[in-house]
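These notes concern the structure reproduced below.
What follows is calculated from the coordinates using simple rules that are stated; it is not laboratory data. Keep in mind that this is a model prediction, so the values were computed, not measured. Here the Cβ is made from the backbone with ideal geometry for all residues, glycine too, and neighbour counts use every protein chain on show.
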Amino acid sequence: MTRPGWILRLLSPLCVLLLWELASRTGVLNPLLFPAPSRTLVDLWVLITSGYLAKALYASLFRVACGFAIAVATGVVLGAAMARIRLVSDLFDPLVELLRPISALALYPLAILWFGIGDASKIFIIALAASFPVILNTFAGVRNIDANLFRAARSLGASDFEIFKGIVLPGSLPHIFTGVRLAWGISLIVIIAAEMVGSTEGIGYMVLEAQQTFRTERVFAGIFVIGLIGFATDLGFRHLRRVLMPWYRETEN
Amino acid sequence: MGDEVRRQIVGLDNVTLTFPGRARRAPVEVLRRLDLGVLPGELVAIIGPSGCGKSTLLSLLAGYLAPSSGRVLFQEEPITGPGRERMMVFQQPALFPWLTTEQNIAYGLKLRANRGNGLVRDSVAAMLRLVGLDGFARHYPSDLSGGMRQRLEIARALAVNPQVLLMDEPLAALDALTRRHMQREVLRIWEETQKTIVFVTHDIDEAVIMADRVVIMARRPSFVLEVAKVDLPRPRLRDDPAVAKLARRLSSLLE
């Protein structure tokens with residue numbers, strides 16, 4: 001993309017914000033429901049300087065990181081094992097297919113009963129919800145590896161371990177990566193929802209509490225931060241893909 | 001015959017191969033009592049009607065399949081699985097897409113099975129030169145043309161110093177011009193390395209131009225219909241009367 005195009009692309013969101021600012025200040029929009037963007041920015045500053053935002057972010061991201069890590073680790077191992085070992089797929093496939101359609105949030109009340117209202121219940125449902133895309137994509141990734149690659153590696157003298165490390169993992173990496181990205185997105189959605197339903201800290205709780213105390217500018221500030229996290233991590237994933245898979249030519253989008 | 005059996009580097013001895021029938025279908029007998037011996041350093045072409053089991057025969061020699069009965073031999077020992085002494089070159093190159101040209105060639109050299117067999121870097125450089133990919137060491141397979149991928153596939157196979165190269169329609173996926181060029185390249189590589197080559201093709205001209213002997217296989221269940229010795233000096237041209245005559249005779253056998 002050329003530079004002028006980049007500037008043009010900033011123009012429309014900036015115009016919307018400007019109009020919103022004017023409308024809110026002149027009373028065309030109810031400032032209680034649509035606070036001016038500048039007030040949201042001021043509140044964001046307050047949240048940052050008071051350390052409140054950092055505390056909420058830390059609580060949320062800690063849960064996300066734990067649940068996401070569990071999901072990726074178990075998902076890759078289970079997905080790869082299901083793709084390569086018949087017994088494992090016979091054992092786990094029905095379980096995965098039965099649990100997958102159930103919304104993880106529907107299980108959240110149960111998770112609270114089992115693990116309480118603290119970190120453990122959130123980590124549990126994030127791990128559960130985020131593991132499915134990893135399992136399924138890893139499975140598809142391993143199954144999609146050209147059978148002749150295994151044959152070539154065998155002829156060259158590769159051992160089982162060398163084939164796993166040198167063929168199965170890199171060969172399924174593009175798919176695994178897609179699964180991991182989906183898992184991250186799901187983790188972010190689940191944590192916000194879970195913190196809104198039952199929690200005493202975290203970014204989701206912060207937004208809900210602001211809503212209940214009618215601090216609409218804080219609700220917007222929270223939404224902005226949540227969006228920023230999603231945006232920043234997506235950039236991170238794109239960069240990671242270029243680093244991990246320089247050979248990979250993405251055909252979609 | 002006894003003398004020849006002793007000298008052969010790979011061979012099939014009275015081999016029958018039957019694939020078990022899947023989903024209530026009858027078993028398929030692909031090869032029936034097939035005999036074939038290949039001498040060290042020979043370039044043998046295998047032709048036959050499509051579906052006659054040419055590729056299956058190579059898979060047996062590579063050790064990817066086991067015969068239902070009979071013996072598949074390498075230096076008089078039964079073949080029990082894939083091995084570095086018999087390398088396959090696939091029709092659609094089975095290159096590792098996540099490795100660069102030089103990493104693909106080095107793959108077999110860096111495995112435990114190869115430990116202590118000299119310097120990887122020297123071998124890779126020698127292979128790049130041999131197949132003419134000097135300038136493309138850092139390219140990924142997706143950046144290479146069809147002909148270059150096939151060269152790379154050959155280089156990766158030769159890097160582990162096999163005694164036999166098994167080529168499964170290695171040039172079939174290439175355009176006509178690249179194909180002719182690669183025929184000469186394979187011959188040059190064969191002459192430089194003195195490897196034994198068994199290669200499957202469906203192109204009779206290609207077989208006659210390249211091979212020492214042409215093996216013609218019968219329809220399924222397949223056996224060796226005839227082995228034709230090509231006693232013509234190289235380089236052979238496809239419009240050379242002797243080449244054309246032999247090609248015509250062989251193609252009449254296939255009809």
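Estimate the FRET efficiency between B:S50 and B:E85 by the formula 1/(1 + (r/R0)^6), using the beta-carbon distance for r and 25 Å for R0, to the nearest 0.05.
Rounded to the nearest 0.05, the efficiency is 0.30.
What translational D, rounded to a whole number of µm²/s, comes out for segment A:1-93 from Stokes-Einstein when the hydrodynamic radius is the Kirkwood one over Cα pairs, at 25 °C and 0.890 mPa s?
After rounding, the answer is 134 µm²/s.
Taking a virtual spin label 7 Å from the Cα of A:L235 along the C-beta vector, which residues in segment A:167-182 bring their backbone nitrogen under 11 Å of it?
none
Looking at the protein assembly as shown, how many pairs of lysines come closer than 30 Å at the Cα, when each pair is eight or more places apart or spans two chains?
9
Sort A:93-105, A:175-187 by packing, meaning the average of other beta carbons within 10 Å per residue, with the highest value first.
The most tightly packed comes first, giving A:175-187, A:93-105.
Kirkwood hydrodynamic radius for segment A:210-253: how many Å is it when counted over pairs of different Cα atoms?
Computed over Cα pairs of segment A:210-253, the Kirkwood hydrodynamic radius comes out at 12.9 Å.
Quote the FRET efficiency, to the nearest 0.05, computed for A:S50 versus B:R121 with a Förster distance R0 of 51 Å and r equal to the Cβ-Cβ distance.
Here the calculated transfer efficiency is 0.30.
I'd like the Karplus ³J(HN,Hα) series for segment A:197-212: coefficients 6.51, -1.76, 1.60, θ = phi - 60°, whole numbers in Hz, and an x wherever there's a Gly or Pro.
Result, rounded to whole Hz: 7, x, 6, 10, 7, x, 5, x, 5, 4, 5, 5, 4, 4, 5, 5.
Between B:D231 and B:E192, 0.36 nm times their residue separation minus their Cα-Cα distance comes to what?
Computed gain between B:D231 and B:E192 is 12.0 nm.
Return the long-range amide H neighbours of B:L43 (sequence gap of 5 or more, or a different chain), with a cut-off of under 5 Å between placed amide H atoms.
When sequence neighbours closer than 5 places are left aside, the close amide H contacts are B:I197, B:D212, B:R213.
For the modelled label position 7 Å from the Cα of A:Q212 along Cα-to-Cβ, which residues of segment A:96-135 have backbone nitrogen atoms closer than 14 Å?
Output list for this probe position: empty.
Can you tell me what share of the DSSP beta bridges in the protein assembly as shown is antiparallel? A percent to the nearest 5 is fine.
55 percent
³J(HN,Hα) across segment A:117-124 via Karplus (A = 6.51, B = -1.76, C = 1.60, θ = phi - 60°), whole Hz, x for Gly/Pro?
These are the phi-based 3J(HN,Hα) values: 8, x, 5, 4, 5, 5, 4, 4 Hz.
What shape does the protein assembly as shown have by the C-alpha gyration tensor, where a ≥ b ≥ c are the square roots of the eigenvalues, rounded means a/c under 1.5, and otherwise prolate means a/b greater than b/c and oblate the rest?
prolate
Return, for the Cα atoms of chain B, the radius of gyration and Dmax in Å, separated by a comma.
According to the Cα coordinates of chain B, Rg and Dmax are 18.4, 54 Å.
Which loop-located GluC sites (Glu not before Pro) does segment B:21-92 contain, where loop means any DSSP state but H, G, I, E or B and the Cβ has at most 14 other Cβ atoms within 10 Å?
Answer in residue order: B:E76.
Which three extents, in angstrom, do the Cα atoms of segment B:162-255 have along their principal axes, listed largest first?
33, 31, 27
Would you please classify the overall shape of segment B:117-189 from the alpha carbon gyration tensor, given that a ≥ b ≥ c denote the square roots of the eigenvalues, rounded means a/c under 1.5, and beyond that prolate means a/b larger than b/c while oblate covers the rest?
Because a/c hits 1.5 or more and a/b fails to exceed b/c, segment B:117-189 counts as oblate.
Count the net charge of all other residues whose Cβ sits under 14 Å from the Cβ of A:Q211, scoring Lys and Arg as +1 and Asp and Glu as -1.
Summing Lys and Arg as +1 and Asp and Glu as -1 gives -2.
Considering only DSSP beta bridges whose two residues both sit in chain B, what percent are antiparallel, to the nearest 5?
For chain B, the DSSP antiparallel bridge percentage is about 55.
Taking a ≥ b ≥ c as the square roots of the Cα gyration tensor eigenvalues, with a/c under 1.5 meaning rounded and otherwise prolate when a/b beats b/c, else oblate, which class fits chain A?
It is oblate, given that a/c is not under 1.5 and a/b is not larger than b/c.
How about segment B:112-199: which trypsin sites (Lys or Arg not before Pro) there lie in a loop by DSSP and see at most 12 other Cβ atoms within 10 Å?
Passing sites in segment B:112-199 are B:R115, B:R138.
Cβ under 12 Å from B:P82's Cβ, B:P82 left aside: what net charge do those residues give with Lys, Arg +1 and Asp, Glu -1?
Residues near B:P82 contribute +3 overall.
For B:D240 and B:R25 in one chain, what is 0.36 nm times their gap in residues minus the Cα-Cα distance, to one decimal in nm?
Gain on extension, B:D240 to B:R25, equals 72.7 nm.
Please turn the phi angles of segment A:184-189 into ³J(HN,Hα) values with the Karplus equation 6.51 cos²θ - 1.76 cosθ + 1.60 (θ = phi - 60°), one per residue in order, whole Hz, x for glycine and proline.
Taking θ as phi minus 60°, the curve returns 5, x, 4, 4, 5, 5 Hz for segment A:184-189.
Considering only segment B:115-255, what is the antiparallel percent among its DSSP beta bridges, to the nearest 5?
The answer is about 50 percent antiparallel.
Distance between Cα centroids, segment A:27-105 to segment A:155-219: provide it in whole Å.
Taking the Cα centre of each part, segment A:27-105 and segment A:155-219 sit 5 Å apart.
Kindly provide the helix-only [θ] at 222 nm of chain A, computed as the sum of -39,500 (n - 2.57) over DSSP H runs of four or more divided by all residues, to the nearest 500 deg cm²/dmol?
It lands at -27000 deg cm²/dmol.
Applying 1/(1 + (r/R0)^6) with R0 = 22 Å to the Cβ-Cβ distance of A:N144 and A:D90, what FRET efficiency is obtained, to the nearest 0.05?
Efficiency, from the Cβ-Cβ distance: 0.60.
Using only Cα atoms, what Kirkwood radius does segment B:33-122 have, in angstroms?
After inverting the pairwise mean of 1/r, the radius is 15.7 Å.
Within a 10 angstrom radius of each residue's Cβ in B:147-159, how many Cβ atoms of other chains show up on average? Whole number is fine.
1
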